[in-house]
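Inspection log for the structure reproduced underneath, given as structure tokens.
What follows draws every value from the coordinates through simple rules; no lab data is involved. These numbers come from a predicted model, not from an experiment. So basically every Cβ, Gly included, is an ideal-geometry build from the backbone, and we count neighbours across all protein chains shown.
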Amino acid sequence: MQELVGALRSYAWGSRTALARLCGRPVPSAHPEAELWFGAHPADPAHVKSNGSSRSLLEVLAADPVRELGPVAEGFGPRLPFLLKILAAEEPLSLQAHPSSAQALAGFQRENRVGVPLDSPLRNYRDDSHKPELVVALERFEALAGFRAPHRTVDLLRALNVPGLNVYAELLAAQPDSAGLRTLFTTWITLPPAALATLLPTVLEGCVRYLSGTGPREFTAETRTVLELAEVYPGDAGVLAALLLNRLTLEPGQGLFLAAGNLHAYLRGVGVEIMANSDNVLRGGLTPKHVDVPELLRVLDFEPIDLPVIEPEPGPDGSIRYATPAPEFALCRFDLEAGAEPVALADAGPGIVLCTDGTVELRHDGRELTLVPGSAAWISAADADIRARAVGGAAQLFSACVGDGN
Ligand SMILES: [Zn+2]
């Protein structure tokens, strides 16, 4: 059990207040702060502090993988298979999807064969892993995720009352399934610039009209989001694509799981995110980064889905669990009450525990470690029997470990 210091990532879509406030630093921060990484990702590993020295978690794992990772080292190779983050989005992130394991392996090998350098911005596949991801809202979290049921999308397109959309609404009404969604999405995301420049402004006008109208307005969040995206990414075909996706709001404590092929865009909010330790992202727009529409189309799952919200479930050990099928990770939460008995963190290692509220005291083997919001601990496979309790008021702790699939 050792203190683990996260790596702060600054991206333009980040927040100048959310992470700083959570970690008890002055606001606003000098730069937009987007993510705090707790993991052993080669691009930005967290650092283990012990006895006044600091080493990257990557080095710590490499030095003694058997002690640190235990049997996990055999299942996933001598590396931590997940990356844990706190994410704070002030502005929308790109429209994206992640490949399946088979797609990632094939794509990685293909790009290696044709000689795209690993660090090239044109690279789609930086490794051979899939990238399932789960985000749990700390504050209200807004996102677009997965294709909406086609008949609802037809209702939305008709409600906007834009003549230029009629042909598309009828197309989807005539084929209200994944094939219809594939055709419509493909048409929109590849519209010639002139056609897009004609259609998009009329759609935005339709959204404004819809929001200022007096009739029943069941698509308020959807149309507002389209207008907001158009403001940040004017002229981007991803704005049109947003009309096809589920618009969802997570209340604090709710989770969102993104399986392979799920088209999604985080809009705003603060959350704890865990994912397979991979960088494989196919982007379709709403970003200045590399966009590869043909490759995105190859990995997308056009099957319409309900909101992919994961409701927290009470576990047997006082934890609150977020069940996902990902073999690389499992995430649970502990809401520690003031003055309560210490809670045993069973199966915490190898893994990371992260404090998101209050003050938590961890005890192991006669040693103590105090965590405050934004601070974390690395729990090796050899660290059994960790206990946690709230100090002062109530506290919240997330525990990230390897999934049951291993
Ligand atoms: Zn994603």
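Counting only C-alpha contacts under 8 Å and six or more residues apart, can you give the relative contact order of the chain as a whole percent? Intermediate values should be presented prior to the final figure.
Working: 962 pairs, mean separation 88.1, N = 406.
Relative contact order for the chain comes out at 22 percent.
Which trypsin sites (Lys or Arg not before Pro) does region 320-363 hold that lie in a coil by DSSP with at most 10 other beta carbons within 10 Å? Don't jump to the answer; show the numbers that get you there.
Values: sites: R321, R333, R363; in loops: none.
Those that pass, being in a loop and sparsely packed, number zero.
What is the Cα coordinate range of region 313-401 on the first, second and third principal axes, sorted by size from largest, in whole angstrom?
In descending order, the Cα extents are 36, 27, 24 Å.
Starting from the coordinates of the alpha-carbon atoms of region 82-167, obtain the Kirkwood hydrodynamic radius over all distinct pairs and give the value in Å to one decimal.
Values: mean 1/r = 0.0595 Å⁻¹.
Evaluated over region 82-167, this radius sits at 16.8 Å.
Grab the eigenvalues of the alpha-carbon gyration tensor for region 1-75, scale each by 5, take roots, and send me the semi-axes largest first in whole angstrom. Walk me through the intermediate numbers first.
Numbers: eigenvalues 169, 38, 17 Å².
Working through the eigenvalues yields semi-axes of 29, 14, 9 Å.
Given +1 on the Cβ of Lys and Arg, -1 on the Cβ of Asp and Glu, and no further charges, what dipole in debye does the chain carry about its Cα centre, rounded to the nearest 20?
Details: 33 positive and 49 negative charges, 174 e Å.
In total the dipole reaches around 840 debye.
For the chain, modelled as a Gaussian network with Cα springs under 10 Å, which listed residue fluctuates most, F38, F76, F329?
Largest GNM mean-square fluctuation: F76.
When only DSSP loop residues count, what trypsin sites (Lys or Arg not before Pro) in region 180-218 have their Cβ near at most 16 other Cβ atoms within 10 Å? Don't jump to the answer; show the numbers that get you there.
On the way: sites: R182, R209, R217; in loops: R217.
Counting only loop positions with at most 16 other Cβ atoms within 10 Å, the trypsin sites (Lys or Arg not before Pro) in region 180-218 are R217.
So what is the 222 nm mean residue ellipticity for the chain from helices alone, if each DSSP H run of at least 4 adds -39500 (n - 2.57) and you divide by all residues, rounding to the nearest 500 deg cm²/dmol?
Numbers: 12 runs with 112 residues, N = 406.
When only DSSP H runs of four or more count, the value is -8000 deg cm²/dmol.
For R16, enumerate residues with amide H under 5 Å from its amide H, sequence gap 5+ or separate chain, H modeled in the peptide plane.
E33
For region 313-401, what's the relative contact order in percent, using C-alpha pairs closer than 8 Å and at least 6 residues apart? It would help to have the intermediate numbers written out before the result.
On the way: 223 pairs, mean separation 34.6, N = 89.
Contact order relative to length: 39 percent.
In whole Å, how far is the Cα centre of region 146-218 from that of region 239-293?
Going from one Cα centre to the other spans 20 Å.
List the GluC sites (Glu not before Pro) within region 309-387 that fall in a DSSP loop (any state other than H, G, I, E or B) and whose Cβ has at most 16 other Cβ atoms within 10 Å. Present the calculation step by step, with values, prior to reporting the outcome.
Values: sites: E328, E337, E361, E368; in loops: E328, E337.
Passing both the DSSP loop test and the Cβ count: E337.
What share of all Cα pairs of region 92-311, in percent, falls into each consecutive 10 Å distance bin?
8, 33, 37, 18, 4, 0
So what is the relative contact order of region 85-217, in percent, for Cα pairs below 8 Å that sit 6 or more residues apart? Could the numbers behind the result be given before it?
Details: 79 pairs, mean separation 23.4, N = 133.
Relative contact order of region 85-217: 18 percent.
So if I average 1/r over every pair of distinct C-alpha atoms in the chain and take the inverse, what Kirkwood radius in Å does that give? List each step's numbers first, then the result.
Working: mean 1/r = 0.0447 Å⁻¹.
The answer is 22.4 Å.
Among L204, L331, which comes first, then next, by fewest other beta-carbon atoms within 10 Å? Could you put the intermediate results ahead of the total?
Values: L204 20, L331 29.
Least to most surrounded, the residues fall as L204, L331.
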